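*Asks:* Before we start, here is the structure in question, set down as structure tokens.
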Amino acid sequence: MSLIGIDVGSTGTKIAAYSLEGTLLGSVHAPHTPHHPYAGGWEVEPEEVWRNAADGLRKLAAMDAVKHDPPIGIAVSASMREAFPADANGNALGPCIMTADTRESGLERRILDQYPPETWFDFCGHLPERMDPVCRLLWWEKNRRDVMAKARYFLGWGEYFSLRLTGRAVIDRSCAGRYLVYDFKTHRWSPGRVSEFKIRSELLPEVEPWGKIVGNLKRDVSDRLGLPEDVKLGVGANDCVCCVLGSGVSEIGTGCLISGSWEDILLPVERSPPGSKLKEIGVSVGPFPGKASMVVYALNPTGSVAMDWARGLVNFEIEETDRKLNAMGPGPSSVVAIPHVSGATVPWVGGSKLRGAFMGLTLATTGPDVIKAMMESIAYDLHYTVARFRKAGARVSTLRGVGGGIRSEWWTQLKADLTITPIDVVDQPELGTLGAALLAGYALGVFSNLEEKARAFTKTTRRFTPNPKRTELYTERMEFYKTLIASMLEYDWSRLPT
């Protein structure tokens, strides 16, 4: 018997099958075709995503290892805050507006001002923003009323796949928790807020808890995909939660450091910190499966995207990074970088409109000086994020590191030194699919203890232990960096041409 995890991300869909012992049996990947109708626009066609996923499932089911260990369950890891209208049969009625798309409904500010920030955090764990599915729904209602008049559902990727596979549009608590109309106290849609935003309640999918089976795959679907007819779909989760589970993080005090395009920390907690503290850090919170019933999301767009931009700027080969940085000595670069070329969400309140900058440049400045400064400043942001977590009362004893950025030993060691936190490197290559597969097994009752199984499936290959002497070398520079950020936050960067 085996389990399949489907990970629908922003740029592609990954599908993998695992034995009940956590062995990878096979995987496939299908990229999405991005559409950019105008500057700042980013759309994907849901029907293409579904067709590519169906082709991938067929290929996976035909692999010898999967045939010898036939699947019994599937769950979906879904990219957050991406949704679109669909008809009763699950046919998309328009494109999916992606998370990074800059269009707004024009209502975000008015919605935000309806309640104090602390009240929003108490309601649904985050503040109104253009990417919230409710704001996306309101954009469709405002701009494409003809489409919404035909819509039976407004679906994210998890619910869309649920409807296409089983005939039921089901959303899990972690995906539902990213909606302004989700109620943390009841784990249901809030009738009051649904009415307040004039949303047709039937557009919203059913909310189901983890450990539940959505249903059997429809017979025509399982036949078309080459899967056994008794395969069941379990309740999945959003991609961040699945990544946390796949990395083996489940205990209080251990966080997941995702060093990818974004530099994110996901921290399971027993209870949500006060809304005032969440606002200060610039984070959000949502439901999490297991004993740690909540997870704090510290999501920062300043990751490898910013690093790749800087490398291109100075024509710096990535393969040379660690060797050149090690040769430069243990202390800070001669240059100070403000890395926020995509703005900042954490840990700087109001940082979404920040811009990038380099300071201290001279005619003697080299490419390695610039790259080192960028990597240091991203680590400074991480330092202040972890420090504010601890100040808010959240325990951060260890981080488990995943993503391409973790491959730089120099950078990972610096992050451990500056956060004063050990970082363990995870050995699993595809955490989203693994996390989804774990949830499938949990829904089918194959795993009675989700946390225990998550730890058993994923091992670590190395620990980076903080070096206090290195920390001391950077103390003054981090304070200087903090002062620079405070100054830059006072300037209206929107006055500059884009």
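*Asks:* Give the order of 434, 127, 24, 180 when sorted by the count of other beta carbons within 10 angstrom, beginning with the fewest.
*Replies:* Fewest-to-most Cβ neighbours within 10 Å comes out as 24, 127, 180, 434.
*Asks:* Efficiency by 1/(1 + (r/R0)^6): what FRET value for residue 362 and residue 218, r their Cβ-Cβ distance, R0 = 51 Å, to the nearest 0.05?
*Replies:* The pair residue 362/residue 218 has a calculated efficiency of 0.15.
*Asks:* Right, here's the next one. Just flag the GluC sites (Glu not before Pro) in region 244-306 sitting in loop per DSSP whose Cβ has no more than 14 other Cβ atoms within 10 Å.
*Replies:* The qualifying sites are 270.
*Asks:* Using Cβ counts within 10 Å as a stand-in for footprinting exposure, how do 424, 69, 322 rank, fewest first?
*Replies:* 322, 69, 424
*Asks:* Something else about it: If I take every Cα pair under 8 Å that is 6 or more residues apart in the chain, average their sequence separation and divide by the length, what percent do I get for the relative contact order?
*Replies:* Computed value for the chain: 16 percent relative contact order.
*Asks:* To continue, here is another question. Suppose each label sits 7 Å from its Cα in the direction of the beta carbon; what would the residue 147-residue 353 distance come out to in nanometres?
*Replies:* Going from the residue 147 label point to the residue 353 one covers 2.9 nm.
*Asks:* A further question follows. Grab the beta carbon distance between residue 495 and residue 115, set R0 = 41 Å, and tell me the FRET efficiency rounded to 0.05.
*Replies:* Efficiency for this residue pair is about 0.85.
*Asks:* Moving on. Using a cut-off of under 12 Å, list every residue of region 367-410 whose amide N is near the label point 7 Å from the Cα of residue 465 along the Cα-to-beta-carbon line.
*Replies:* Counting only backbone N, you get no residues.
*Asks:* I would also like to ask the following. What ranking, highest mean first, results for peptides 42-55, 6-19 when packing means the other Cβ atoms within 10 Å averaged over each residue?
*Replies:* 6-19, 42-55
*Asks:* For the residues 389, 197, what sequence is obtained by ranking on other C-beta atoms within 10 Å, fewest first?
*Replies:* 197, 389
*Asks:* Determine the relative contact order of region 2-240: mean sequence separation of Cα pairs under 8 Å and six or more apart, normalised by residue count, in whole percent.
*Replies:* Result for region 2-240 is 21 percent.
*Asks:* Could you give the distance between the Cα centres of region 309-342 and region 289-305, to the whole Å?
*Replies:* 26 Å
*Asks:* Do you know the Lys pair count in region 2-240 for C-alpha distances under 14 Å, with sequence separation 8 or more or different chains?
*Replies:* 5
*Asks:* Any idea what the relative contact order of region 15-92 is, in percent, if you count C-alpha pairs under 8 Å spaced at least 6 apart?
*Replies:* Relative contact order for region 15-92 comes out at 27 percent.
*Asks:* With each run of n ≥ 4 DSSP H residues scored as -39500 (n - 2.57), what mean residue ellipticity at 222 nm is computed for the chain after dividing by its residue count and rounding to the nearest 500 deg cm²/dmol?
*Replies:* Per the formula, -11000 deg cm²/dmol.
*Asks:* Another question, if that's okay. What are the ³J(HN,Hα) couplings of region 249-254, residue after residue, when phi is run through the Karplus curve with 6.51, -1.76, 1.60 and θ = phi - 60°? Round to Hz, x for glycine and proline.
*Replies:* After applying 6.51 cos²θ - 1.76 cosθ + 1.60, I find 8, 8, 8, 4, x, 10 Hz.
*Asks:* Determine, at each q value in 0.06, 0.13, 0.14 (inverse angstroms), the log₁₀ of I(q)/I(0) that the Debye formula gives when each Cα of the chain is one equal point scatterer.
*Replies:* -0.27, -1.29, -1.46
*Asks:* How many angstrom lie between the Cα centre of region 380-423 and the Cα centre of region 184-202?
*Replies:* Each part reduced to its Cα centre gives a spacing of 37 Å.
Read the figures in this text as sums done on the coordinates, not as results from a lab. Small disclaimer: the values here were computed from a predicted structure and weren't measured. Heads up, the Cβs are rebuilt from the backbone with ideal geometry, glycines too, and the neighbour counts pull from every protein chain shown.
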